[in-house]
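S.K.: Supplied in C-alpha cells, the structure appears directly below.
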Amino acid sequence: MRVVVIGATGHVGGYLVPRLVAAGHDVVAITRGRQALYRDDAAWSRVERVTADRDAEDAAGVFAARIAALHADVVVDMVCFTPGSATQLLDGLRGTGARLVLCGTIWTHGTLTAVPVREHEDRTPWGEYGVQKAAIEDLVLTEAARPDGVRASMLHPGHISGPGWPVINPAGNLDPTVWRKLATGERLVLPGFGLETLHHVHADDVAQAFQLAVERPEGADGRAFHVVSERAVTLRGYAEQAASWWGRTADLEFQPFDAFATTTTEEHAATTLDHIARSPSASIEAAREHFGYAPRFSSLDTAREAVAALAAREGSGIPPLQG
C-alpha cells in the first residue's frame, strides 16, 4: 500500500516509518523540514520525503489538496490538533478512496468514573488539548459514518515515551530532579496519597498500533481505539520501582496538592495537576480484539528505557541505572 504519514519524523514516526517500510509499503513522509530523526534507520533511504508547513498551508487552504495529490491508500495523521485542520483534510480526501488514521489522546475522556475506561465512556474532556482532540474525533467518526464519507478511525495514545523523549515522572511532571532524588535516596514529595495513576505507552507500541490500523482496517472504520500499555501505574508504585533502578529504596513523603505545589515550580505543579486530576487508566481490549494490538512494553519498562537514555546524556546529572 501507499501510505502517507503526516508528522513522520516525530517520536512515533521514527518507529512507524521503518515498520511500514519493512512491511513492504510505499511510504511518503510529510515533515516540516530536514530536522534530525529521533532514530536512525536505513529504511529512511527508501522513503519519499515531502516538506510542508502544515500551519501555513492550512491557513492558505492548500495542505489537504497536496495530501490528496499524493494518491495514498492510507493517510496517517500524527499531528492534527484543531477541528479546522481536520475538516480541511477530510474535505480534501473525500472521494479519493484514501483511508485516514488519526492520532488522538486518552485525555478525550477527562475525569474518569470507572477504570480502566473504555472508548465510549466518560466523554467529558477538559483542557484545550483534550477538548480539541475530542472535537476532532467527533468530526472524523461522523464523517466515517456517512455513505460517501472518508473511511477513518482514530487511535488514542497515553503518555508516549521512549529514548530521546521526555517521560512523565512519578510526580506527574517533567522535573528531572525527581529522577535525581530517586537515584540518590533523597526524600521525594508526592501529591495526595500517591495513588493517582499515569498510563504510559512506548512510542514503538504506538507505532505498532498504527501499523496494524493501516494493515487491518476491517471493523475499524468509524471507531476509536486506546493505545496504551497493559496497565496504568500509581505514583507511589512508580516511584518505588524507579528507585530500585538505582538500587535504592524510595524515601517518599505525601502531601495535599497545594502543599506539594510549593515544593516545585509553577510549571511543574501545573503539569502534575493536569495528570493527576485525570488519573488515566484506559482499556486496550478494543484494539486487542480488532487489530491484535499487543504492547511489548509495560509502563515501567517504557519509563525505564526513557530514563536510561536521559541518564546517558552528558550533563544530565542523573546517575546511570544499575543492571
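S.K.: Given a 10 angstrom Cα cut-off, can you work out which residue in 98, 261, 22 is the most mobile in a GNM of the chain?
M.R.: Per the Cα network of the chain with a 10 Å cutoff, 22 tops the list.
S.K.: Per q in 0.17, 0.20 1/Å, what log10 I(q)/I(0) does a Debye calculation on the alpha-carbon atoms of segment 160-285 return?
M.R.: Each listed q corresponds, in turn, to -0.88, -1.11.
S.K.: Which angle from 0 to 90°, rounded to the nearest 10, does the C-alpha axis of helix 266-276 make with the longest principal axis of the chain?
M.R.: 70 degrees
S.K.: A further question follows. Could you list 106, 136 so that the one with the fewest beta carbons within 10 Å of its beta carbon is first and the one with the most is last?
M.R.: 106, 136
S.K.: Sticking with this one: I'd like the orientation of helix 128-145 relative to the chain: the angle between its Cα long axis and the longest Cα principal axis, in ° from 0 to 90, rounded to 10.
M.R.: 30 degrees
S.K.: Let me ask something additional. Looking only at segment 68-86, which residues have a backbone nitrogen under 20 Å from a spot 7 Å from the Cα of residue 138 in the C-beta direction?
M.R.: 80-86
S.K.: What's the angle, to the nearest 10 degrees (0 to 90), between helix 203-215's Cα axis and the longest principal axis of the chain?
M.R.: The helix 203-215 is inclined about 20 degrees to the chain.
S.K.: Do me a favour and compute the ellipsoid semi-axes for segment 271-323 from its Cα gyration tensor, root of five times each eigenvalue, largest one first, whole Å.
M.R.: After diagonalising the Cα gyration tensor, the semi-axes are 29, 18, 8 Å.
S.K.: Output needed: percent of Cα pairs per 5 Å distance bin for segment 58-131, bins running from 0 to the one holding the longest distance.
M.R.: Bins of 5 Å from zero give 3, 14, 23, 17, 14, 12, 10, 5, 1 percent of pairs.
S.K.: Further, regarding this structure: Taking the Cα atoms of segment 149-210, what is the range of coordinates along each of the three principal axes, in descending order and whole Å?
M.R.: So the three principal-axis extents are 55, 27, 14 Å.
S.K.: Another question about this same structure. Can you check how the C-alpha radius of gyration of the chain compares to 2.2 N^0.38 Å, as a plain ratio?
M.R.: Working it through for the chain, the quotient is 1.02.
S.K.: Could you work out how far apart the two model spin labels at residue 146 and residue 49 are, taking each label as a point 7 Å from the Cα in the direction of the beta carbon, and quote it in nm?
M.R.: Result: 3.6 nm between the two label points.
S.K.: Can you list the equivalent-ellipsoid semi-axes of segment 232-275, largest first and in whole Å, using the square root of 5 times each Cα gyration tensor eigenvalue?
M.R.: Equivalent-ellipsoid dimensions as semi-axes: 22, 12, 10 Å.
S.K.: Right, another one. Which number do you get for Rg(Cα) / (2.2 N^0.38 Å) in segment 1-148?
M.R.: 1.10
S.K.: For the ranges 42-53, 69-80, what's the packing order if you count other beta-carbon atoms within 10 Å of each residue, average per peptide, and put the highest first?
M.R.: Top of the packing list down: 69-80, 42-53.
S.K.: Determine the dipole magnitude for the chain: charges of +1 sit on the beta-carbon of Lys and Arg, -1 on that of Asp and Glu, nothing else is charged, the reference point is the Cα centre, and the result goes in debye to the nearest 20.
M.R.: 580 debye
S.K.: Can you list the HN-Hα couplings for segment 216-222, worked out from phi with the Karplus curve (6.51, -1.76, 1.60; θ = phi - 60°), rounded to whole Hz and with x for Gly and Pro?
M.R.: 10, x, 4, x, 9, 4, x
S.K.: Determine ³J(HN,Hα), in whole Hz, for all residues of segment 248-255 in sequence, where each value follows from phi through the Karplus function 6.51 cos²θ - 1.76 cosθ + 1.60 and θ = phi - 60°; x replaces Gly and Pro.
M.R.: Running phi through 6.51 cos²θ - 1.76 cosθ + 1.60 with θ = phi - 60° gives 10, 9, 5, 9, 10, 10, 10, 9 Hz.
S.K.: Still on this model: Quick one: of the DSSP bridges fully inside the chain, what percent are antiparallel, nearest 5?
M.R.: DSSP beta bridges in the chain are roughly 10 percent antiparallel.
S.K.: Now a separate question. When only alpha-carbon atoms count, how far does segment 214-323 stretch along each of its three principal axes, as whole angstroms with the largest first?
M.R.: Sorted from largest, the Cα extents of segment 214-323 read 49, 36, 24 Å.
S.K.: Diagonalise the Cα gyration tensor of segment 86-241 and give the resulting equivalent ellipsoid semi-axes, square root of 5 times each eigenvalue, largest first, whole Å.
M.R.: Sorted largest first and rounded, they come to 35, 16, 13 Å.
Here, each number is a calculation from the coordinates, and none is a lab measurement. Bear in mind that the values here come from a model prediction, so they are computed numbers and not experimental data. Positions of Cβ are generated from backbone atoms using ideal geometry, with glycine treated the same way; all protein chains shown enter the neighbour counts.
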